[in-house]
Amino acid sequence: AVRLQHGASGLEPLAWSEDHRVSVSTARSIAVLEQLSDVHSGGQDMVIHRTAVPAPAAACTLKVGPKKEVAECKEKFASSVDPTVSQMFMLDRVFNPEGKSLTPMRGFKYSSWSPLGCDANGRCLLAALTMDNRLTIHANLNRLQWVQLVDLTELYGERLFEASYKLCKADTPCGELGDFPEFQRRHSMQAPVRMEWSGICTTQQVKHNNECRDVGSVLLAVLFENGNIAVWQFQLPFLGKESITSCNTIESGISSPSVLSWWEYEHNNRKMSGLIVGSAYGPVKIIPVNLKAVKGYFTLRQPVVLWQEMDQLPVHSIKCIPLYHPYQKCSCSLVVAARGPYVFWCLLLISKAGLNVHNSHVTGLHSLPIVSMTADKQNGTVYTCSSDGKVRQLIPIFTDVALKFEHQLIKLSEVFGCVRTHGIAVSPCGAYLAVITTEGMASGLHPVNKNYQVQFVTLKTFEEAAAQLLESSVQNLFRQVDLTDLVRWKILKDKHIPQFLQEALDKKIESCGSTYFWRFKLFLLRILYQSMQKTPSEVTWKPSHEDAKILISDSPGMGSTEDDQEEGTSKQASKQSLGDTGKGVDIDDTAEDSLHQSSDTGGREPMVEKLLEIQAQIEAVEMHLTREHMKRVLGEVYLHTWITENTSIPTRGVCDFLMSDDGYDDRTARVLIGHILKKMNKQTFPEHCSLCKEILPFTDRKQAVCSNGHIWLRCFLTYQSCQSLVYRRCLLHDSIARHPTPEDPEWIKRLLQGPCTFCDSPVF
């Protein structure tokens, strides 16, 4: 459980990103909890890195006209003799975000994570919507601080102001700002309700020489109160205002819109996309989105109505899950929407007859309205929760025609006691469920104080997580942190790698030899090594007052009574026991002798031998991964260099390092090195120390030492020496990498964008 500093706010306060960060919308900030599968820690608990995106101090005022004219209109409406105008104006928080006598509109309404690979580090961006309608995009570039990249509310307001608040030139002229309906219209057309990110798509960019190059882009759809949808297109990596490519506004025609989601469908290598919009009155439909200059995308010809009845059941949440239909032998889309206490589902699939739509409702799930819904996109499982602490798991099962749901109740009261739930989110690989809880009723009474907590519940067993990691199509440990965390917990608990996992992994390595399985093996060995370490009996950061007392009693010139001598003896004994834990406390020779005697008699030597054996296996796997990456770097050098060209990469040193081990016999590496040496034509191009200009020999993959003793760390991505005071580190502090420089060619910059070769983590 992670306790929140402020109460949860917004409609869906929890969101779990693809890079394993949980955002929690609260009344003062967005708390971001990043899950790490730490290979350097021996504790069995989840490792969570906590940061926050603070709410802006100033209230957001929407731009509806010139400042002077707006101030005059506000004064006019506030003092109007017509109570329908004055009261509506005074009580509407969109018109009065600062509140005056009303409570301030602090906090966040909604947050949404982009796909992986959108920021400068290749991670997820966070779109945040405040209670006073400010929509901003944030990035976590240095791990400790969130940076606001752009304020989309301000930019969209300026666009509307320049267009005289008309969506297109053919629109009829707008009325005067002094008219209250026009004042309302201008606010509703730029007050966001929800926003959602699309998947990453590829666009073509024309260069100055008329060549076309593929550029990654992502779309952010923003739903407004009047039913309009603004679709922002961003070029990747998103750096700020300069990365905005375009902004188009679509009229959905839905009154009182409440929720938004992307519909992305792939059929026979043809991709289709649209926007699913739900209304507070009940209807749900897909709006076509025309993606200009996007490769491989097609659009719907007209809107598709999924549910048309105005039954006054508001649509609270919509999830779209891509699945494979086992009977129809084609891909399909499952759309699920929370409507009151029911779940509305719709199955979409394209056949020769066109777009087939099957829909229905799942009833009997909750006695109270659904407050949050989340979906596991790996297998299509849907989770819903109501405020009474009941969570339902819905598993889709395909039939010949459509599908049906099997659902079971997850009683959180059996795990946490009587609680109220405010939001849920499932991890990317379905291993954990995050739940926001507060105290429930006790003896029929509500709690005096509410303590908001994010609770993490496991949904998979260790065996299921291990099997999923072995059969993974992602082939990336960082993208499966929730699964590796379960494996980590099991090894630390049992202090050994299960036999079935060891054998299955060895078979995978022998059959395909993918570096992913070598990295998985390295991860298991590192966790096993940590499990063998002796845990400290005391917290190492606490100051030891006992040591100070020992020094006073043992210091010369101090008289000692019998009580002091007894105290000194007891403190010395505690000091020896602390030294036994191996946490670096200074102990005298007698304590060391006693430690060696106990190790001989207690059988510590087999444990030391076991640790040395594991350490040797770790070094062997690391060396294998290093050699494989060296081959990749040499391949890039061969493809992108001319004869006798001096690259900044120590090519000759890497070649010599690979061939220095007589036991390493890789025919691919030998052929590649032969071609490169022939191309280099006896040139060596060694690196030189920037302090003394001496040659830096390539004798170690981790560091370079010149003849004068100057030590430089080596970049693990290009094996260049990092001769600067600033460099990057991977998320788990496995390796270091240098920053790209303007002089670097494109292929070196591409190499420097790669993840860690040992743990797949991004580099900061």
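The values are calculated or read from the model by the stated rules, or taken from the named source; none is laboratory data. Small disclaimer: the values here were computed from a predicted structure and weren't measured. Cβ atoms come from the backbone with ideal geometry, glycine included; neighbour counts cover every protein chain shown. The area values use the complete protein model at the heavy-atom level, side chains included, leaving out ligands, DNA and RNA. Shrake-Rupley method; radii C 1.70, N 1.55, O 1.52, S 1.80 Å.
Some observations on this one:
- The range 453-471 residues near the modelled Glu510 label - backbone nitrogen below 20 Å, point 7 Å along Cα→Cβ: 467, 470-471
- Remark: spin-label model distance Lys534-Tyr324 equals 5.2 nm, labels positioned 7 Å along the Cα→Cβ axis.
- With bins 5 Å wide beginning at 0, the percent of Cα pairs of the range 136-188 falling in each bin runs 4, 16, 18, 17, 12, 8, 8, 7, 5, 3.
- With θ taken as phi - 60° and the Karplus curve 6.51 cos²θ - 1.76 cosθ + 1.60 applied, the whole-hertz 3J(HN,Hα) list for the range 436-446 is 8, 10, 9, 5, x, 6, 10, 6, x, 10, 6 Hz, x standing for glycine and proline.
- Of all accessible heavy-atom area on the chain, the percent that carbon and sulfur account for (1.4 Å): 51 percent
- Net charge dipole size for the chain [Lys, Arg +1 and Asp, Glu -1 on Cβ; Debye, nearest 20]: 2960 debye
- Semi-axis lengths, Å, the range 203-298, gyration tensor of Cα atoms, sqrt of 5 times eigenvalues: 28, 17, 10
- Relative contact order of the chain, defined on C-alpha pairs under 8 angstrom at six or more residues apart (%): 8 percent
- Placing unit charges on each Cβ (+1 for Lys and Arg, -1 for Asp and Glu) gives the chain a dipole about its Cα centre, and among Asn451, Gly117, His20 the Cα reaching farthest toward its positive end belongs to Gly117.
- Calculated accessible area for the range 1-68 comes out at 42 Å² per residue, all protein chains present (probe 1.4 Å; ligands, DNA, RNA ignored).
- Computed extension gain for Ile695 through Tyr727, at 0.36 nm per residue and net of the alpha carbon distance, reaches 9.4 nm.
- Within the chain, the proportion of C-alpha pairs whose separation exceeds 35 Å stands at 58%.
- Per-residue [θ]222 nm for the chain (sum of -39500 (n - 2.57) over DSSP H runs n ≥ 4, rounded to 500): -8500 deg cm²/dmol
- Fully extending the segment from Val671 to Asn290 would add 132.2 nm, taking 0.36 nm per residue of separation and subtracting the current Cα-Cα distance.
- Rg(Cα) / (2.2 N^0.38 Å) computed for the range 464-521, rounded to two decimals: 1.06
- Label-to-label distance, Ile200 versus His40, with points set 7 angstrom from Cα along the beta-carbon direction: 2.7 nm.
- Between the listed residues Leu492, Ala504, Gln480, the Cα displaced farthest toward the positive end of the dipole of the range 464-521, a dipole computed from Cβ unit charges relative to the Cα centre, is found at Leu492.
- Of the GluC sites (Glu not before Pro) found in the range 54-163, the ones in coil according to DSSP and having at most 16 other Cβ atoms within 10 Å of their Cβ are Glu98.
- Here the range 464-521 is assigned +1 on the Cβ of each Lys and Arg and -1 on the Cβ of each Asp and Glu. Its dipole about the Cα centre then comes out at about 200 debye.
- Label point 7 Å beyond Cα of Ser367 along Cβ direction - residues of the range 396-432 with amide nitrogen under 16 Å: 409-414, 418-421
- Taking each of Lys631/Lys702; Lys74/Lys109; Lys521/Lys749; Lys495/Lys521; Lys166/Lys271; Lys109/Lys319 in turn, the alpha-carbon distance tops 20 angstrom for Lys74/Lys109; Lys521/Lys749; Lys166/Lys271.
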